[in-house]
Amino acid sequence: MIAKSMESYVKGSSAIRAMFEEGGRLAKIYGKENVYDFSLGNPNVEPPEEIRQSIIDILQSEEPTFVHGYMNNAGYEDVRNAIAQHLNKQHGTQYTERNILMTAGAAGGLNVILKTLIDPEDEVIVFAPYFGEYRSYAANYGAELVVIPPNLPTFQPDLKKLAESITAKTKALIINSPNNPTGVIYSEETIKKIAEILTEKEKEFAADIYVISDEPYRELVYDGAVVPYIPQYYKNTVIGYSYSKSLSLPGERIGYLVMPDELSDFDDIVSGATTANRILGFVNAPSIMQRAVARCINSSVNIDVYNKNREALYNGLIEMGYECAKPEGAFYLFVKSPIEDEAEFCDMAKEHRVLIVPGSSFACPGYVRMAYCVSYDTITGALPQMQEVMNEIKS
Ligand code: PLP
């Protein structure tokens, strides 16, 4: 018999995965090309060629006992140093390998930093809509997830509610920008105000409140949009980064945490996170991938592919009368359901072989998410189907 606490996770896990599996079932009946699957944020753009070449070269030229061996739980020093130097160039920071901890993707990094910071009954604040896994990650360490309702229609966070929600138990605020599921980037003004509120509340409660900035989509931005670098505005910030989306490597489980020197209790947090990486069972991030990403530090995927999809899907849906904020980053469109019950709308779309995910999976009912990291043919094939769904709703 499994643990009682696990039963609810299994039950709630997960509308997105369920839809993805439904896609497989429909593909067997109708043919893969006739199923328009927007359910999962699994990149369809290939990783850069340098990744493949690097892996081959690492295996051919580096010492096997080194490449496949245990290492510092924080990761290879040279890799962490290469990432630190790269960030220094981008942000004018002064990081060294001490500030970087290699992780099993963003999911691994978030679990490591939560394990490091959270005592049972601490509160972790998130802005809805949010990546649904945060709820499980917070619960892993006994934290109470405090959800700030969505601020429609811009999806910039509701700062008044943030100020009201902070208590003596607040330990962290998770920020995700560019955002999954909306594609919205939190503006510099928003980040400045968040920093002001947190600084004030830290004083009021004489306690540290940490921002955990979950940034797997940092590089996936369009029309020259800028993503504010939060440590420049708020000192108690830890960044969780991932190569899952930026280099299309989600199965490889590779990312890192940035822990700036300015953090309160910097030394303890670094030691805590390094230990957490080990005792959560990761031990260290996958070794070949660490070495590969360090060699490909300036590589990127071709985001023109996502941009073309974004324009076609957004413009197509708007013309049909759907409502949605134009995403500035990531590869998701968050569309207002034209009928009240968005689950019913998802079912209608499914009847037309278009797979989309209800907003309630992101604590934002009344909306649906479409992940447009798909082929262009999927977009052009889905649009007439979405028109038919709209026609049915209007008739
Ligand atoms: N955070 C957000 C906002 C995500 O969208 C995802 C994946 O979709 C993750 C974290 C987990 O990413 P990773 O594959 O790096 O663990």
Exercise for the section: Sort through 185, 254, 212 and tell me the only one that's more than 24 Å from residue 363 (Cα to Cα), within 16 Å of the ligand (Cβ to nearest atom), touching a residue at least 60 places away in the same chain (Cβ under 8 Å) and crowded, with 21+ Cβ neighbours inside 10 Å. Expected result: 254
Problem - Among (1) in contact with a Phe, Trp or Tyr (Cβ under 8 Å, 6 or more places away or on another chain); (2) at pLDDT 95 or above - the single one residue 325 does not satisfy - result: (2)
Practice task
Could you check, for segment 155-162, whether at least one of its residues is under 22 Å from the mean Cα position of the chain (by Cα), more than 16 Å from the ligand (Cβ to nearest atom) and touching a residue at least 40 places away in the same chain (Cβ under 8 Å)?
Solution key: no
Handout entry: Of the criteria (1) surrounded by 19 or more Cβ atoms within 10 Å (Cβ to Cβ); (2) within 16 Å of the ligand (Cβ to nearest atom), which one residue 270 fails
Key = (2)
Fill in the blank from the handout: The condition from (1) within 16 Å of the ligand (Cβ to nearest atom); (2) assigned to a helix (DSSP H, G or I); (3) not charged (D, E, K, R) that residue 314 misses is numbered (1)
Handout entry: Residue pairs meeting the criteria (Cβ under 7 Å; at least 6 apart or on separate chains; first among the aliphatic types (A, V, I, L, M) and modelled with pLDDT under 95, in segment 30-44; second part of a strand (DSSP E or B) and near the ligand (Cβ under 10 Å from one of its atoms))
Key = 40/371
Practice task
Quick one: count up the residues across segment 220-245 that are surrounded by fewer than 19 Cβ atoms within 10 Å (Cβ to Cβ) and assigned to a helix (DSSP H, G or I).
Solution key: 1
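Could you identify the single residue in 366, 329, 316, 359 that is closer than 20 Å to residue 43 by Cβ and of a type outside the set (Val, Ile, Thr)?
329
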Completion exercise
Checked segment 162-176 for anything surrounded by 15 or more Cβ atoms within 10 Å (Cβ to Cβ) and in contact with a strand residue (DSSP E or B) (Cβ under 8 Å, 6 or more places away or on another chain); matches are 162, 165, 166, 169, 170, 171, 172, 173, 174, 175, 176
Practice task
Hey, can you tell me all the residues within segment 115-124 that are away from the ligand (no atom under 16 Å from the Cβ) and in contact (Cβ under 8 Å) with a residue 40 or more places away in the chain?
Solution key: 116, 117, 118, 119, 121, 122, 123
Completion exercise
Counted residues in segment 324-347 being part of a helix (DSSP H, G or I) and surrounded by 18 or more Cβ atoms within 10 Å (Cβ to Cβ) come to 3
Fill in the blank from the handout: Taking segment 92-114 and the residues there that are within 11 Å of residue 285 (Cα to Cα) and in contact with a helix residue (DSSP H, G or I) (Cβ under 6 Å, 6 or more places away or on another chain), the one that is farthest from the ligand (Cβ to nearest atom) would be 101
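Mind counting the residues in segment 35-67 that are surrounded by 15 or more Cβ atoms within 10 Å (Cβ to Cβ) and either of a type in the set (A, V, I, L, M, F, W, C) or over 25 Å from residue 376 (Cα atoms) (or both)?
9
Please find, within segment 355-395, the residue that is surrounded by the fewest Cβ atoms within 10 Å (Cβ to Cβ) out of those that are touching a Lys or Arg at 6+ places or on another chain (Cβ under 7 Å) and hydroxyl-bearing (Ser, Thr, Tyr).
Filtering segment 355-395 for residues that are touching a Lys or Arg at 6+ places or on another chain (Cβ under 7 Å) and hydroxyl-bearing (Ser, Thr, Tyr), the one surrounded by the fewest Cβ atoms within 10 Å (Cβ to Cβ) comes out as 376.
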Practice task
Test residue 44 against the criterion of being of a type in the set (S, T, N, Q) and not in a helix (DSSP H, G or I), and give yes or no.
Solution key: yes
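The values are calculated or read from the model by the stated rules, or taken from the named source; none is laboratory data. Just so you know, these numbers come straight off a predicted model, no measurement behind them. When we count neighbours, we look across all protein chains shown, and the Cβ atoms used for this are built from the backbone with ideal geometry, even at glycine.
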